[in-house]
Amino acid sequence: MPDAIEIPLCPGPVHGSILPPGSKSIANRAVICAALARGTSRLTGMLDSQDTRVMAAGLAALGIDVAADWQAGTMQVVGCGGRIPAAEATIDCAASGTTIRFLSAVCALGHGDYRLDGTPRMRKRPIGDLIQALRELGVEAEAESPGGCPPVAIHSHGLAGGAARVRGDTSSQFASGLALAAPCTGRGMRIEFEGRLVSLPYLEMTRRVMASFGAACAPTDTGGWQIPPSGYQATDYAIEPDASAASYFFAAAAITGGRVRVEGLSRRSMQGDVGLCDVLERMGCDVAWDETGVGAITVGGRAVRGVDVDMNAISDTVPTLAVAALFADGPTTIRNVAHIRDKETDRISDLARELRKLGARVDESRDGLTISPQLLQAAILDTYDDHRMAMSLALAGLLVPGVRINDPACVGKTFPDYWERLATIARLDTAGWK
């Protein structure tokens, strides 16, 4: 794509139906379970994105047989039965925080030396809490950048299991990484959480994916997890559509007063981000939940009212809601999301900066922000190599003329054909993008 694109004005309310790509979060959990399982698994609904390719390449570097047909959305994984084949590996995790966190725990199951690194931004994303938990379990692990950040160096003689503590207020992925490795340890693992847990639905997602591959993860009387040494059993696994990706189309309807139906999601979804629909309903949208078959969610009407909302459980959709809030009739306050400062970018400060370019008044706090709608204006918006910033900020251009998005290609991290999908459902004239 060009270095920047201007978003054409939407010719009218957005109407249509869409099936988003498969969930990145579910896919990366499922491929870990499949890689550690006994036997061969087949995954369907696999999205082709930078993050999923990075995860697959990382597992291949560890000696796991991973064969993907990215065009067909399928992947065949020959599991290693919990025994990591490679005695040494250097893994480029690029910008994928999920990959570096999950594979750091997986590498601890091995016998040898492993090093995991990524982009310059990755070297600023904390991983020290996971490193400390691995040390408690007897693994020689080190985060080499200041502040407990990657690169990660691991020297392991295998992971016996036992008890570990992990902080839950920075990222739920630390606990998920430990839990995913736990069934392949000799003694199993008891994980205790310190502090308030963030992104709770993602922890429940981890438990549900593990269960699909035959592993148990039971809550303890202290609120932690007890995971027995059962191993995993290969299975055929279908990945549901990505609720975070769906959020942009729900918001497109809410901003323009249209109606969008997203197939494959429902109240039964293991992804907490479907909860954004409840927030949009509070703002004035009509939301219909179809619980038959694979399910569907339809959002219609405009989000006319500002809200005050705790988004801790649905923090990936903060940029999406923030842009929708630009078009409400009153201020919107987003709370309890301090942990998103450590995402691909600081999704509080950097989001506030870009919304101000559009003319909004934004008050930033330690753990959130308040958006007060004002007369909006044309702006050139930076995306910070952050896919969610790009996809969300572009929605403002549906109604505001002259909105340009820098580095639109960064959406390839999770949604490579986002621009084509948005243009189709919003009937955009994209001649200037070529």
Can you name the residue in segment 1-44 that is among the β-branched types (Val, Ile, Thr) and in contact with a Leu (Cβ under 9 Å, 6 or more places away or on another chain) and, of all such residues, is nearest to ILE239 (Cα to Cα)? VAL31
Subset of segment 407-427, residues at pLDDT 95 or above and among the hydroxyl-bearing types (Ser, Thr, Tyr), comes to TYR418, THR424
Spot the failing condition for ARG190; the list is (1) crowded, with 23+ Cβ neighbours inside 10 Å; (2) more than 20 Å from the chain's Cα centre (by Cα); (3) not assigned by TED's automatic domain parsing to the domain that holds PRO11, and only one is missed. (1)
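Results for (1) loosely packed, with under 15 Cβ neighbours inside 10 Å; (2) touching a Pro at 6+ places or on another chain (Cβ under 9 Å), shown as yes or no for each residue.
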site	(1), (2)
THR185	no, yes
VAL198	no, no
LEU203	no, no
MET210	no, yes
CYS217	no, yes
SER230	no, yes
ASP236	yes, no
GLU240	no, no
For segment 61-133, give me every one of the strands (runs of 3 or more DSSP E) that falls completely inside it and has 2 or more residues that are touching a residue at least 24 places away in the same chain (Cβ under 8 Å), touching a strand residue (DSSP E or B) at 6+ places or on another chain (Cβ under 7 Å) and crowded, with 18+ Cβ neighbours inside 10 Å. 74-78, 88-92, 111-117
If I filter segment 232-255 for residues that are over 30 Å from GLY301 (Cα atoms), among the β-branched types (Val, Ile, Thr) and in contact (Cβ under 8 Å) with a residue 12 or more places away in the chain, do I get at least one hit? yes
Do we have LEU398 as closer than 18 Å to GLY306 by Cβ and buried (at least 18 other Cβ atoms within 10 Å of the Cβ) here? no
Selected residue [part of a helix (DSSP H, G or I) and under 21 Å from PHE213 (Cα atoms)] from ALA57, ALA30: ALA30
Out of (1) outside any loop (DSSP other than H, G, I, E, B); (2) within 22 Å of ASP310 (Cα to Cα); (3) free of Cβ contacts under 8 Å to residues at least 60 places away in the same chain, the odd one out for LEU393 is which? (3)
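Based on this model, can you work out whether ASP169 counts as out of contact with any Pro (no Cβ under 9 Å at 6 or more places or on another chain), farther than 28 Å from ASP346 by Cβ and not assigned by TED's automatic domain parsing to the domain that holds GLY272?
no
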Reported set for segment 195-228 where residues are part of a loop (DSSP other than H, G, I, E, B) and more than 28 Å from GLY81 (Cα to Cα) is GLY195, ARG196, LEU197, VAL198, SER199, ASP221, THR222, GLY223
Can you give me the number of residues within segment 417-434 that are within 19 Å of PRO319 (Cβ to Cβ) and either more than 27 Å from the chain's Cα centre (by Cα) or surrounded by fewer than 18 Cβ atoms within 10 Å (Cβ to Cβ) (or both)? 0
If I filter segment 155-196 down to residues being touching a residue at least 40 places away in the same chain (Cβ under 8 Å) and polar (S, T, N, Q), which single residue comes out as farthest from GLU88 (Cα to Cα)? THR170
List every residue pair whose Cβ atoms sit under 6 Å apart, with the two residues 6 or more apart in sequence or on different chains, where the first one lies in segment 328-348 and is among the basic types (Lys, Arg) and the second, anywhere, is assigned to a loop (DSSP other than H, G, I, E, B) and at pLDDT 95 or above. ARG341/ILE348
Pairing a residue in segment 411-426 that is in contact (Cβ under 8 Å) with a residue 12 or more places away in the chain and assigned to a loop (DSSP other than H, G, I, E, B) with any residue that is of a type in the set (Asp, Glu) and surrounded by 19 or more Cβ atoms within 10 Å (Cβ to Cβ), where Cβ atoms lie under 7 Å and the two sit 6 or more apart in sequence or on different chains, gives THR414/ASP51
Here is a list of conditions, (1) over 20 Å from the mean Cα position of the chain (by Cα); (2) of a type in the set (S, T, N, Q); (3) surrounded by fewer than 20 Cβ atoms within 10 Å (Cβ to Cβ), and SER41 meets all of them except one; can you say which number that is? (3)
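The values are calculated or read from the model by the stated rules, or taken from the named source; none is laboratory data. Predicted model, so just to flag it, every value in this text is computed and none were measured. As a convention, Cβ positions derive from the backbone with ideal geometry for all residues, glycine included, and neighbour counts pool all protein chains shown.
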